[in-house]
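All of the numbers you see were taken from the coordinates with simple rules; none came from a lab. Since we're looking at a predicted model, the values are computed, not measured. Glycine also receives a Cβ, built like all others from the backbone with ideal geometry; neighbour counts cover every protein chain displayed.
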Amino acid sequence: MKKVIFVTLLVSCLSTLFSQTIKPQPSLKKVRFGFGIGVNVSNLAYDEKLPEFATIEQGAGYRVSGLAHYEVSNWLSLSPKAAISFHHSKVIFRGAKQNKIEYQIMPVAFEFMFHAVLKKESQKLSPYLIVGPNIRVPLSPEPSDTISYSTNSDIAIDVGIGLDKAFEYFYFAPELRYSYGLLNLSQNPEVPNLRLHSIAVVFTFR
């Protein structure tokens, strides 16, 4: 009888101790959904020498996205994302009377990304790498003060790093991404070869 009472008290003490020391984790799911918000810094590149009357102006914008996260294994995940991204890069043409015309490059775009996530497991923080294609499609009409040329769609390669942090009910991950544009975006014959690269800082919740 004494042994039964002793074992009962021991189990009760251990369960109380573990319930106080082990923090709850988000439920283990193969697929999780979430969203991201962040900032873009654009880098508009021209492969040739610009005309004397043209200059490139870079700018910062922001982005909002929805995402899915599928755990393939302990070290590999797939993370498709859809985002609305705002860029503020443009080419400025100045005339003889100092009047200027702006050619905005993809001011608003829909982006579809298919990222592979390579993650290193750890107890508190999980650093990871990101790599994958990014398809950009321009959405906004040409503003009234720009010349009458539109912007082509683009395909880019994204690479980046992130840091996964588990909270009680969700995961939080800041990410730093670099997007390398592969295609010519310009339909303007004055600047026939423009490519858009960007750096983004994104905070994701899932």
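In whole Hz and in residue order, list the ³J(HN,Hα) couplings for the stretch 158-174 that follow from phi through the Karplus curve 6.51 cos²θ - 1.76 cosθ + 1.60, θ = phi - 60°; x for Gly and Pro.
Along the stretch 158-174, the couplings run 9, 9, x, 10, x, 9, 8, 10, 8, 10, 5, 10, 7, 10, 10, 9, x Hz.
Tally Lys and Arg at +1 and Asp and Glu at -1 over the other residues with C-beta under 11 Å from the C-beta of Leu44: what net charge comes out?
Surrounding charge for Leu44 is +1.
Given Leu67, Ile105, Phe53, which one lies farthest toward the positive end of the charge dipole of the stretch 27-205, if we put +1 on the Cβ of every Lys and Arg and -1 on the Cβ of every Asp and Glu?
It is Leu67.
Under the rule a/c < 1.5 gives rounded, and otherwise a/b versus b/c splits prolate from oblate, where does the stretch 27-205 land using the Cα gyration tensor?
The shape class here is prolate.
Please give the Cα centre distance for the stretch 162-184 versus the stretch 52-112, rounded to the nearest Å.
Comparing the Cα centres of the stretch 162-184 and the stretch 52-112, I get a distance of 17 Å.
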